[in-house]
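Asker: This is the structure I have questions about; it appears just below.
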Amino acid sequence: MLSGMEAGMFDRPETVLLAGASGGLARAIGGELVKRYPQVSLLTLSRGEAEPFPGHRGDQRHLSVQLGDAASIGEVEKFLSDSASLPDWVINCCGLLHDRERGPEKSLDQCADDWLLQSMRVNLLTHLHLAQALGKLLQRRQPLLWASLSAKVGSIGDNHLGGWYSYRISKAALNMLIRNLAIEWGRRLESCCVVAIHPGTTDTDLSQPFQENIPVDKLYSPQLSAERIVDVLRGLKSEDSGQLLFWDGTPLPW
Ligand SMILES: NC(=O)c1ccc[n+]([C@@H]2O[C@H](COP(=O)([O-])OP(=O)(O)OC[C@H]3O[C@@H](n4cnc5c(N)ncnc54)[C@H](OP(=O)(O)O)[C@@H]3O)[C@@H](O)[C@H]2O)c1
């Protein structure tokens, strides 16, 4: 168990960047942040338009951007350089499990290149491109807490069921990106923590088609998952960097 509910070194975010800001978990996390820190400055990234968070008393700047495209690196870099301050928290919520036509594969026969590549684009590249944009601007003294929403099924060590090839493969790749980032930024920055976090199965569009077999007490509301994630994040310290965390802050095997 990590530092748990205790306040860590990143417990008072001033500027939070929320990516994939329109998603079920992102909306709930934004709402929770605003509840706890009403004056926080929000930088939001989404393919769509900005939605304000009720009760927010700080400023919100928004960029409509397709983070899966490499062109987003320059666009986000410009957006961040034009901001009053760089984020001290980054929460990247981008992820994809299914779309209207396609979804997780049960067996090898169902794997198709285009779906694997699309899964890599959304589950990996949206996080890589954001890191590349921010990485160009980071100064040694800039404190940084980075959390990518990943998934327990992306853990290689924890995979006892198989299936869900594209989602598992792309989340495992994201996990390796997070481990690498933690090492590189850990060397570069004085105060930095980079983690991947599993939110738990949460009632959003992403999990909707797969909720049937989930016991009611294992399907969490976005609000509850958001509270837990913010609790974990505010308890983190630099020593916790480079881990894949369960929603209660416990490290999961990679
Ligand atoms: N819900 C769960 O049970 C669960 C469990 C484990 C892990 N997770 C992870 O938690 C994160 C948030 O999931 P959620 O449940 O909130 O799902 P969601 O409501 O479907 O939101 C997913 C977000 O990903 C972004 N996204 C989707 N397709 C994209 C694309 N083609 N290009 C760029 N961005 C795209 C969207 O951002 P914009 O539309 O704002 O651009 C969207 O807000 C994901 O990484 C997911 O893998 C969720």
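Asker: Would you mind telling me the antiparallel percentage of the DSSP bridges in the chain, rounded to 5?
Answerer: 5
Asker: Stretch ASP205-ARG47 to full length: gain in nm at 0.36 nm per residue minus the Cα-Cα span?
Answerer: Answer, rounded to one decimal: 55.3 nm.
Asker: Cross-chain or 8 or more residues apart, Cα under 20 Å: how many lysine pairs in the chain fit that? Count them up, please. Intermediate results must be reported in sequence, preceding the final value.
Answerer: Numbers: LYS78/LYS136; LYS106/LYS152; LYS106/LYS171; LYS152/LYS171; LYS152/LYS218.
Count of close lysine pairs: 5.
Asker: Calculate how steeply helix 165-188 sits against the longest principal axis of the alpha-carbon atoms of the chain, using the helix alpha-carbon long axis, and give the answer as 0 to 90 degrees to the nearest 10.
Answerer: Roughly 30 degrees between the two axes.
Asker: Quick check on the chain: what are the equivalent-ellipsoid semi-axes from the Cα gyration tensor, as sqrt(5λ), descending, whole Å?
Answerer: Semi-axis lengths for the chain are 27, 20, 19 Å.
Just so you know, all these numbers are worked out from the coordinates, no wet-lab data involved. No experiment lies behind these values; they were computed from the predicted model shown.
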